[in-house]
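One structure is given here, and the rest of the page talks about it.
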Amino acid sequence: MDARAMHALELGKVLACLAGFAVSEPGSRACLALRPLRAPDSAGLSAKLRREAEIFEQGRIFLLRCEARLAPFADMEPFLRFAALPRAVPDIDDLFALRDLLIQGKEKIEAMRTDPAATENWPLWLDRCAGLPQPARCVSALSRCLADDGRIRDEATPELARVRDELRSLHRQCMRKVKDYAAEYNILHFLQDSFMTLSSDRYVLPLKTDFKGRLQGIIHDYSQTGETCYFEPLFLVEVNNRLQNLKREEREEERKILEYLGGLVREDLPGVRAVYEFLVDLDLLCARSALADCYAGRMAEFSGDRGLFLREARHPLLALAASPARRKALEDFAQSRGQDPGFGSDASVRTAVPSDIELPPDRRALIISGGNAGGKTVCLKTVGLIALMGLCALPVPVAAGSVLPPWDEVHAFIGDEQNLEDSVSTFTAQIAHLGRIWQGLSGRSLILLDEFGAGTDPAQGAALAQALVDCLLESGAVLVAATHFPALKAYALSTPGVRAASVLFDPESKKPLFRLAYDQVGASRALDVAREHGLPEEILRRAEQYLLLGGEDGSALVERLNALEVSRGREIEALRRERLSLADKERKLREDFDSERSRVFDQLRKEAQTVLKDWKAARVSHKMALKELARMRASLSGTRGMEDGPARPQVDFSVLSARQKIRYVPLKREGVILAVDERKKRVQLDFAGVSLWAESSDIELLPEAAERQPAAPVRVFPSFGPLSLDLRGERADTAVSGLERFLDRAVLGGREEIEIVHGRGTGVLRREVHSFLKNSPLVRAFRVAPEDRGGDGMTIVELK
């Protein structure tokens with residue numbers, strides 16, 4: 001990738017912002033090292049980018065679902081290189097940092113592996129975790145030997161525990177001897193402090209300098225003021241000698257432990273490095289996710305045959321400018337390197353205006369014209385920077401549906417490149433760079449030209465620009481250019497494969513709108529821009545006179561086109577806002593309706609349960625209960641009508657057939673037709689063994705059956721049939737429980753007779769059913785069915 005283009009398009013600033021979101025130094029370094037992906041062909045590059053997008057999206061799901069946050073971790077690269085050396089003894093600080101890193105890596109890997117939705121939500125990360133070598137021995141040893149305060153634990157080895165126990169015992173012995181000595185000889189007023197201290201790893205007393213000749217012992221040092229000398233009494237000499245021996249033994253034992261841990265790290269070095277690299281990649285993922293959150297970014301889609309379509313694209317740096325998170329990230333990143341973040345506390349914040357940038361697959365060049373400060377260069381930089389960021393697998397500020405060709409080269413001719421020391425002008429610098437890259441241009445190249453040829457004679461510059469576009473079209477490269485040349489504007493309107501566009505200005509205020517209008521050209525508006533920026537009016541009047549004398553002012557027509565496009569855009573925007581408003585109103589109405597429907601149904605359910613309890617408790621008669629339930633059903637019909645919206649068309653009974661599926665609206669379930677009573681306009685439906693008769697107003701055809709012709713003759717029943725319950729195959733206790741619920745529903749439905757199918761078998765189930773029916777207050781009578789209806793395998797029940 002052309003480094004000159006990455007510099008001109010300011011990819012480095014985006015990477016610096018990304019690095020500011022990383023929590024570790026290696027993570028920041030990985031952010032800054034990102035470069036556009038490469039592949040031998042477009043298909044391979046598209047596949048690479050699709051995989052990177054999947055890795056990002058799956059990783060982001062993990063971060064959101066598990067609320068995973070990385071704690072800062074140290075840069076372990078120098079330590080890992082050192083640990084690979086034979087007989088290397090690591091420092092305890094390095095091992096402590098490695099312990100924290102490995103523990104954090106283990107936690108994150110376990111979180112990815114053990115989540116129930118891991119296989120579905122982040123399979124690529126799960127595959128990586130499965131392939132990671134686990135430095136289990138190293139993690140266990142470091143956790144056992146190193147304490148949270150960064151010291152080696154006493155229990156790391158038995159010998160270290162013995163030595164440290166002796167040291168603590170020796171300290172207590174010294175304290176006791178000093179206390180006894182001070183009390184016996186009354187020397188407390190000789191001391192600066194009433195406690196013992198250490199000097200040169202020996203226990204000493206802080207003696208006032210004026211009394212140093214009063215006691216026998218050794219003076220090891222003086223304080224900075226000279227008022228205190230650190231005095232070792234003779235009775236402590238032997239104890240301090242023992243202390244020195246124990247300290248030496250402690251250091252030797254600690255060195256043995258460090259050597260042992262260093263050997264374990266060396267043996268598990270592949271696993272340690274894999275976990276370290278995993279955390280660095282996870283830090284990079286967190287930084288990319290934070291970058292996306294700053295401007296609601298998404299991964300770009302790349303396709304070789306769909307052209308260039310950027311929906312609601314914003315320049316990434318402008319989109320980041322208003323983000324407080326981005327500002328803090330840049331400040332932290334600059335502070336960590338001792339640099340100036342590049343903006344003051346009162347820096348103005350610019351808002352990035354979304355714009356659609358479109359180049360269909362049958363066009364290879366987009367030529368943008370229009371007034372100065374209208375956003376032409378920003379448009380070029382937006383395309384180039386979004387392309388570079390997409391190739392770096394970074395989220396970009398575009399809307400859904402955006403697509404980019406898989407370019408492998410981006411070349412930008414933007415800005416002033418003159419160099420006085422090398423005698424290079426802007427024009428010659430552009431020509432020289434174009435000559436260097438010309439042979440390598442192909443259909444996978446993107447060229448960005450900002451006013452190419454403007455640094456020379458206008459006629460020759462325009463001719464050179466047109467010739468360049470011709471040759472680029474022949475090479476297959478994609479070109480996005482900005483120009484003020486009238487000849488190049490006309491060329492864009494008339495040449496196949498080239499598309500014209502112009503930046504729009506508000507017709508009244510003359511302010512730029514930072515949007516593009518396609519298939520038209522724009523006026524340069526140099527005089528309006530000069531007036532807005534304070535050029536004296538006298539100069540502007542003379543310029544207008546010279547323009548009229550030249551007879552080349554065609555701006556009136558272009559202004560009219562600009563005004564029409566702005567008006568059209570405003571109408572479209574107004575319609576879009578109205579559509580969103582109506583959708584929002586519809587959503588609120590639906591929410592209110594669902595809430596009210598739930599409330600009404602809950603209230604009716606509670607009232608029905610109350611009526612049923614009163615009836616069971618004999619507080620109301622059977623007739624009164626049925627009357628009250630009928631009243632509630634009548635009130636529910638109004639609510640049901642609200643739910644269904646417009647009245648449903650009546651079902652044509654001629655198209656109904658046996659075994660046909662149909663929808664029962666009150667239960668919102670599909671049932672199978674058992675029989676049809678055409679005279680009374682109702683059908684008998686079966687729901688997994690439970691049958692009922694449904695009125696014509698409560699049924700509707702399924703969509704796939706609405707146009708189907710009857711496939712079987714219809715069985716017509718002249719009378720209302722009984723409700724049936726099939727208990728065959730059920731355990732006795734389960735059957736009785738289901739029978740009780742079934743009786744309640746039958747009574748609520750106003751049934752007078754039901755059928756209980758229990759089968760013949762051994763007769764146990766029939767006896768249990770009859771026993772229950774005898775004691776039920778809902779049953780008036782029951783009898784075994786006649787042989788033509790099932791005999792003793794069925795019981796017919798009459799309800800009260």
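The values are calculated or read from the model by the stated rules, or taken from the named source; none is laboratory data. Keep in mind that what you see is a predicted model, and the values were worked out from it rather than measured. No Cβ is skipped: glycine too gets one built from the backbone with ideal geometry, and neighbour counts run over all protein chains shown. Each accessible area value is taken on the protein alone, full model and side chains, heavy atoms only, with ligands, DNA and RNA left out. Shrake-Rupley method; radii C 1.70, N 1.55, O 1.52, S 1.80 Å.
Overview of results
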item: Cα centre as origin, Lys/Arg/Asp/Glu Cβ charges: the chain dipole, Debye; result: 3400
item: Share, in percent, of DSSP beta bridges within the chain that are antiparallel, nearest 5; result: 65
item: Estimated distance in nm for a label pair at I219 and H770, the labels positioned 7 Å out from Cα along Cα-to-Cβ; result: 11.9
item: Nitroxide proxy distance, nm - points 7 Å out along Cα→Cβ at E227 and T610; result: 8.8
item: Greater than 28 Å apart at Cα, pairs in K106/K247; K381/K585; K681/K800; K511/K585; K381/K511; K179/K212; result: K106/K247; K381/K585; K511/K585
item: Furthest towards positive pole of dipole, P507, Y664, L142, structure part the chain, Cβ charges; result: Y664
item: Eligible aspartates and glutamates near K256 by straight Cα distance, threshold 17 Å, same-chain separation 8 or greater; result: D91, D93, D94, D154, E155, E159, E267
item: Sum of -39500 (n - 2.57) over DSSP H runs of 4+, divided by residues of the chain (222 nm, nearest 500); result: -16500 deg cm²/dmol
item: Separation of the R38 and L535 label points, Cα + 7 Å toward Cβ, nm; result: 4.6
item: Relative contact order of the stretch 160-297, defined on C-alpha pairs under 8 angstrom at six or more residues apart (%); result: 19
item: Per residue accessible area of the stretch 214-297, 1.4 Å probe, in Å²; result: 47
item: Those aspartates and glutamates that a straight Cα-Cα span of less than 13 Å connects to K616, excepting residues fewer than 8 apart in one chain; result: E740, D744
item: Cα gyration tensor, the stretch 444-500 - rounded (a/c under 1.5), prolate or oblate; result: prolate
item: Relative packing of peptides 384-390, 57-63 - highest average C-beta neighbours within 10 Å first; result: 384-390, 57-63
item: Stretch gain in nm, segment E678-Q650, where the contour uses 0.36 nm per residue and the Cα spacing is subtracted; result: 8.8 nm
item: For the chain: Kirkwood Rh in Å [reciprocal of mean 1/r, alpha carbons]; result: 36.7
item: Within straight-line cross-link reach of K588, aspartates and glutamates at Cα separation under 16 Å, skipping those fewer than 8 residues along the same chain; result: E578, E596, E643
item: FRET efficiency, 1/(1 + (r/R0)^6) with R0 56 Å, evaluated for L589 and S621 via beta carbons; result: 0.85
